[in-house]
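*Asks:* One structure follows; several queries about it will come next.
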Amino acid sequence: MTQHGLALGIELGSTRIKAVAIGNDHAPHSSGDYTWASSYENGIWTYDLTQVWEGLRSAVSGIQAPENVEAMGISAMMHGLLAFDRDWNLLTPFRTWQNTITGPAAEELTELFRFNVPQRWSIAHLYQAILNGEAYVPQIAHITTLAGYVHYMLTGANVLGVGDASGMFPIDSRTSDYNEQMVCQFDRLISQRNLPWKLRDVLPKVLTAGQEAGYLTDSGAALLGSLLKPGIPFAPPEGDAGTGMTATNAVAPRTGNVSAGTSIFAMVVLERPMEAVHTEIDIVTTPTGRDVAMVHC
């Protein structure tokens, strides 16, 4: 960055949307926030997506000298389901990580993959919607997380950081991409349902920390109240687990951290993949694709 350049991080958490700018010295420069909450509607914990943009504009308005922002990144609460058609119209209300409505799907996928699939993961929500015969499923063209959605709207890039992607579908730490064997298993599982898509058709592309992930577009800048100049480069959008690991420098094997927020979870970066399935342990990744054992409460 230039001498007076700023890096802007935006986090969409369970209770607040936060924007923090730092300078070359990595010290906080200015910040803003917005308070919001999920609502329980028709048996689903959800957030109104119009509040996303109201909240982002409010949070970014707290950044001083926004014309000096030279790099950006989005993170947000992981998991859940945002399903869109080919034109990015929302097909069903956002299903957050707080929902425990995917028990049959999570259990069947865990047995199929021989890999623990928690109820809150995106693939469990997607498969449960298929099992339920929900009418919008054939129209799905994109599924993503909250960070992935915001990033797409700001940059036009349908990508996801590997840590956030690991809360959507199991990741192969050797490739830092979706586990191809499990992708094929899932496609075979749903093959008799005659859906017009396969799994990779609807998942975002996976990136690791440091890879180019797009630039703020004119329309993205307008969504943020035209407070930032178009052309700002973005980091891959990540999940709140990845930002917690990075903030505590718990990204190398044999390091770990504990987060106590709306939920409580402990994470340990593994030296090698776990050999057996433990339903009390979720396997996610660091932002560079290393396996992480997570216990979530």
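*Asks:* How are the C-alpha pair distances of the range 1-149 spread across 10 Å bins, as whole percents from the shortest bin up?
*Replies:* All Cα pairs considered, the percentages come to 11, 33, 28, 18, 9, 1.
*Asks:* Further, regarding this structure: For helix 49-60, report the angle its Cα long axis makes with the longest principal axis of the Cα atoms of the chain; keep it between 0 and 90° and round to the nearest 10°.
*Replies:* For helix 49-60, the angle is close to 30 degrees.
*Asks:* Please identify every one of the trypsin sites (Lys or Arg not before Pro) in the range 72-170 that sits in a loop by DSSP and has no more than 13 other beta carbons within 10 Å of its own beta carbon.
*Replies:* When the trypsin sites (Lys or Arg not before Pro) of the range 72-170 are filtered for loop state and at most 13 Cβ neighbours within 10 Å, Arg86, Arg114 remain.
*Asks:* Give the share of C-alpha pairs in each 10 angstrom bin for the range 183-230, from 0 to the last occupied bin, in whole percents, shortest bins first.
*Replies:* Once binned at 10 Å, the Cα pair distances of the range 183-230 give 20, 25, 25, 21, 9.
*Asks:* Pairs of Cα atoms under 8 Å, at least six residues apart: use those to get the relative contact order of the range 99-162, whole percent.
*Replies:* 23 percent
*Asks:* Using a 1.4 angstrom probe with every protein chain in place, what is the largest-first accessible-area order of Asp25, Asp282?
*Replies:* Asp25, Asp282
*Asks:* Hey, another quick one. What residues qualify as long-range amide H neighbours of Ala213, i.e. H under 5 Å apart, gap of 5 or more or another chain, H built at 1.01 Å from N?
*Replies:* Phe234
*Asks:* Return the sequence-ordered ³J(HN,Hα) values of the range 254-264 in whole Hz as given by the Karplus equation 6.51 cos²θ - 1.76 cosθ + 1.60 applied to θ = phi - 60°, using x for Gly and Pro.
*Replies:* With the stated coefficients, the range 254-264 comes to 6, 10, x, 8, 10, 10, 10, x, 4, 10, 10 Hz.
*Asks:* So what's the range 167-283 giving for Cα Rg divided by 2.2 N^0.38 Å, two decimals?
*Replies:* Its radius of gyration relative to the 2.2 N^0.38 Å reference: 1.35.
*Asks:* Okay, moving on. If you wrap a convex hull around the Cα atoms of the range 123-177, how much volume per residue is inside, in Å³?
*Replies:* Looking at the range 123-177, the number lands at 95 Å³ per residue.
*Asks:* Any chance you could check the Cα centroid distance between the range 75-127 and the range 242-297 for me, in angstrom?
*Replies:* The distance from the Cα centre of the range 75-127 to that of the range 242-297 comes to 19 Å.
*Asks:* Give me the percent relative contact order of the chain, please, defined on Cα pairs under 8 angstrom at least 6 residues apart.
*Replies:* 17 percent
*Asks:* Show the residues, 5+ positions off or on another chain, whose built amide H is closer than 5 Å to the amide H of His142.
*Replies:* Excluding prolines and chain starts, which carry no amide H, the hits are Phe84.
*Asks:* Another one. Of the accessible area of the range 165-226, with the probe set at 1.4 angstrom, what percent is carbon plus sulfur?
*Replies:* 44 percent
*Asks:* May I pose another question? Report the Rg/Rh value for the range 79-120, based on alpha-carbon coordinates and the Kirkwood definition of Rh.
*Replies:* In the range 79-120, Rg relative to Rh is 1.08.
*Asks:* Using the heavy atoms of the protein chains and a 1.4 angstrom probe, tell me the accessible area per residue for the range 26-65 in square angstrom.
*Replies:* Result: 54 Å² of accessible area for each residue.
*Asks:* Still on this structure, please answer the following. In whole Hz and in residue order, list the ³J(HN,Hα) couplings for the range 187-192 that follow from phi through the Karplus curve 6.51 cos²θ - 1.76 cosθ + 1.60, θ = phi - 60°; x for Gly and Pro.
*Replies:* 4, 5, 4, 9, 4, 7
*Asks:* Taking just the alpha carbons, could you work out the radius of gyration and Dmax for the range 14-99, both in angstroms?
*Replies:* Here Rg and the maximum Cα pair distance are 15.4, 48 Å.
*Asks:* Would you mind checking which residues have amide H under 5 Å from Thr285's amide H? H placed 1.01 Å from N; only 5 or more apart, or other chain.
*Replies:* Ser166, Val292
*Asks:* Averaged per residue, what accessible surface does the range 211-293 expose to a 1.4 Å probe, in Å²?
*Replies:* Value returned for the range 211-293: 50 Å² of accessible area per residue.
*Asks:* Rank Gln211, Gln192, Gln51 by mean-square fluctuation in a GNM of the chain with C-alpha springs under 10 angstrom and give only the top-ranked residue.
*Replies:* Greatest mean-square fluctuation among the candidates belongs to Gln192.
*Asks:* Measure out, as a whole number of angstrom, how far apart the alpha-carbon centroids of the range 147-215 and the range 33-66 sit.
*Replies:* The range 147-215 and the range 33-66 have Cα centres separated by 25 Å.
*Asks:* Rg and Dmax in Å for the chain, alpha carbons only: what are they?
*Replies:* Rg, Dmax (Cα atoms, Å): 18.5, 59.
*Asks:* Separate question: Please list, in order along the range 7-16, the HN-Hα scalar couplings obtained from phi with the Karplus expression 6.51 cos²θ - 1.76 cosθ + 1.60 (θ = phi - 60°), rounded to whole Hz, x for Gly and Pro.
*Replies:* Working through the residues one at a time gives 10, 10, x, 10, 10, 9, x, 6, 10, 9 Hz.
*Asks:* Considering only protein heavy atoms, what is the solvent-accessible area of Phe115 at a probe of 1.4 Å, reported in Å² to the nearest 10?
*Replies:* Number for this one is 30 Å².
The values are calculated or read from the model by the stated rules, or taken from the named source; none is laboratory data. Note that this is a predicted model, so its numbers are computed, not measured. All Cβ positions, even for glycine, are placed from backbone atoms using ideal geometry, and neighbour counts span all protein chains on display. Heavy atoms of the whole protein, side chains included, go into the accessibility calculation; ligands, DNA and RNA do not. Shrake-Rupley method; radii C 1.70, N 1.55, O 1.52, S 1.80 Å.
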